[in-house]
Amino acid sequence: MTHRREPPATVHSLIIVLGDQLDMNSSAFDGFDVTHDLVWMAEVAEESTHVWSSKQRIALFLSAMRHFAAALRASGKRVHYTPLDAIDNHGSLGSELEAAIERYAPQELIVTTPGDWRVLEMLNAVAERTGRALDIREDRHFYSTVRDFKAHAAQRKSIRLEYFYREMRKRHDVLMQGGEPLGGQWNYDVENRSSFGADGPGAVPNRVKFAPDETTLEVINLVNARFSEHPGSLESFAWPVTRAQALDSLRIFIDERLALFGTYQDAIWSGEPWLYHSHLAAALNLKLLNPREVVKAAESALAQGRATLASVEGFIRQILGWREYVRGIYWTQMPKYIERNALSAHEDLPSWYWTGETSMACLRDTIRQTLQTGYAHHIQRLMITGLYALLLGVRPRAVHEWYLSVYVDAVEWVELPNTLGMSQYGDDGLMASKPYVATGKYIDRMSNHCAGCRYDPALREGDRACPFTTLYWDFLMRHATRLAKNPRMALQVKNLARLSDAQRAAIEQRATAIRRGEIG
Ligand SMILES: Cc1cc2nc3c(=O)[nH]c(=O)nc-3n(C[C@H](O)[C@H](O)[C@H](O)COP(=O)(O)OP(=O)(O)OC[C@H]3O[C@@H](n4cnc5c(N)ncnc54)[C@H](O)[C@@H]3O)c2cc1C
Ligand code: SF4
């Protein structure tokens, strides 16, 4: 690595930089003293094994960290960096940090708020054990602070994305005109829910690919050797690992995909993982990109007439709305949130979630794509893999661990509320006002999967019944009392009255066979 400088003999502040804090403008660097301060970064096995992290996810984090350390050194900062394969690597963030504190005897530790509750706890424990002051700084990457979110939540009976998002639009003057939403509406969901016609999506722009450089190739070899049993493969690894590459990804998304982002936001097509999505979540979550520059780029495209308001609003809602909202939920609800299981779900996650070996075409395609690339878009995550686990009754914690393992953009503050809350209804409606449940007919409407599947999405009983459809009715029957109290579910629950006793028995029997792994 270039411009290596020896660590100072005495260190005043040890600046802790975690794998998802790769931002030169991070608050941890405020007041950095090049003579007396030292940046600390470490690759440790525990971060790849506390959940069974996929090869794509591990490689992305390690490569981006190595590139960031090189950029820090090039900017004149001293960096203590422990590679994964260092002989004296202690294997966990806590023990590695303690060893560095012993070696450099810093007066204080500085860190920007981490993305995981678990890591925050560890940092506090290390500071206490070593008798060092720990300065935990605000993460100004985000538009809102956790305090802002708390203040917003305190004014309402229930917290809902829509009102939080409107407040964010006003406060940050995004897509506003004279105090009103630009175009007169806050929301263009009705225009943003198209599926592709029978002919499919046609020519979709190619995925932006970054060929692995020497550093990334080293990481790929290391991950293949050290984590050979972990899920997925690295053959297609092409994620942005530097800020320059992340900026290129943003520019190309705005030029090639944003115009149709809104229209096809919910659409799914077999063998087409990338469609019109941005694929920017990993770069955002590693902090290689700032959400403000992403939102500004989308606003400029609108001003230049390169994308419609519906598309731009649909995109900005995800960043300024959902992304900030789930962070607020995470930090106001942890640590108890991760244990929540409102529906008392107790099944294990089917083992084929780790291989894609199932006869259900939609799940097979989504899981294989996930393992090959570390990516699936929102509706695949919510209405295919998430929906199936919810209907089956899998423990939310097991579902959470799968999502945290397999996606390159998975960091707990964003993954957990999306999985446990939005997708599994484990938080009893804190995130979503009703469980996102549907039969296979929803998947049929939004994709072409069912045409190539051995099951029929319209059938709930019999040999060809789609497991989603059977399990949907089984879910309503199992949770009828609770769901009947929710006005947004009342109509769905009412339909149960149309089932005869024989039909109910047939559904239950088939659902049991699915849970035993005899079908699917
Ligand atoms: C069960 C489940 C698990 C998820 N796990 C993660 C995760 O680990 N990390 C993650 O970043 N997102 C997660 N999401 C949200 C969303 O699915 C991903 O952000 C998105 O699919 C990433 O692809 P993209 O960058 O192409 O997003 P796009 O569709 O292009 O959306 C643009 C950006 O908006 C943001 N965004 C969109 N939806 C959400 C959302 N619901 N919550 C927060 N930010 C959002 C992301 O930063 C994303 O890059 C999850 C959703 C579900 C249903
Ligand atoms: S029939 Fe059911 S299992 Fe098969 S692809 Fe459609 S929704 Fe998926």
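Values as computed for the structure displayed
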| item | result |
| --- | --- |
| Surface/4 estimate of mean projected area, convex hull on alpha-carbon atoms of the range 339-415, nm² | 4.9 nm² |
| Bridge type composition, the chain - antiparallel percent by DSSP, nearest 5 | 10 percent |
| Amide proton proximity set for residue 40, modelled H, under 5 Å, gap of 5+ | 15, 16, 17, 80 |
| Karplus-derived 3J(HN,Hα), 6.51/-1.76/1.60, for each residue of the range 99-111, Hz, glycine and proline x | 5, 5, 5, 4, 6, 9, 6, x, 6, 8, 10, 10, 8 |
| For peptides 307-317, 245-255, sequence by mean Cβ density within 10 Å, most packed first | 307-317, 245-255 |
| Inverse of mean 1/r across different Cα pairs in the chain, Kirkwood, Å | 24.4 Å |
| All-pairs Cα distance distribution in the range 159-301, expressed in whole percent, bin size 10 Å | 9, 29, 33, 20, 8, 1 |
| For the range 150-287: lysine pairs under 24 Å (alpha-carbon distance), excluding those fewer than 8 apart on one chain | 4 |
| Protection proxy ranking, peptides 471-477, 46-52, average beta carbon neighbours within 10 Å, highest first | 471-477, 46-52 |
| By average C-beta atoms within 10 angstrom, highest first, the peptides 130-140, 358-368, 416-426, 495-505 | 416-426, 358-368, 130-140, 495-505 |
| Three principal axis lengths of the range 373-464 [C-alpha, angstrom, descending] | 39, 32, 20 |
| Rounded FRET efficiency, nearest 0.05, which uses the C-beta distance separating residue 488 from residue 24 and R0 of 35 Å | 0.20 |
| With every protein chain in place, the chain: carbon and sulfur % of accessible area (1.4 Å) | 48 percent |
| Whichever lysines have a C-alpha closer than 26 Å to that of residue 441, once near sequence neighbours (fewer than 8 apart) are set aside | 485, 494 |
| Under 5 Å, built H, 5+ apart or other chain: amide partners of residue 394 | 347 |
| Under the Debye formula (equal points on every Cα, no solvent term), log10 I(q)/I(0) of the range 99-200 at q = 0.16 Å⁻¹ | -0.87 |
| q = 0.13 Å⁻¹: log10 I(q)/I(0) that the Debye formula gives for the range 150-205, counting C-alpha atoms only | -0.54 |
| nm² value of the averaged projected area, convex hull over the Cα atoms of the range 392-520 | 8.9 nm² |
| Distant alpha-carbon pairs in the range 53-102 (separation over 14 angstrom), percent | 62 percent |
| Histogram of C-alpha separations across the range 188-228, 10 Å bin width, % | 20, 22, 19, 21, 17 |
| P(r) tail fraction, the range 1-105 - alpha-carbon pairs more than 23 Å apart, % | 24 percent |
| Cα centroid separation - the range 267-322 against the range 13-36, whole Å | 28 Å |
| Net charge contributed by nearby residues that have their C-beta within less than 13 Å of residue 453 (K/R +1, D/E -1) | +1 |
| Binned Cα-Cα distances of the range 277-383, short to long, each 10 Å bin given as a whole percent | 11, 29, 34, 21, 5, 0 |
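The values are calculated or read from the model by the stated rules, or taken from the named source; none is laboratory data. Only a predicted model underlies this, so the values are computations on that prediction, with no experimental measurement involved. Heads up, the Cβs are rebuilt from the backbone with ideal geometry, glycines too, and the neighbour counts pull from every protein chain shown. Just the protein is used for accessible areas: all its heavy atoms, side chains included, with ligands, DNA and RNA removed. Shrake-Rupley method; radii C 1.70, N 1.55, O 1.52, S 1.80 Å.
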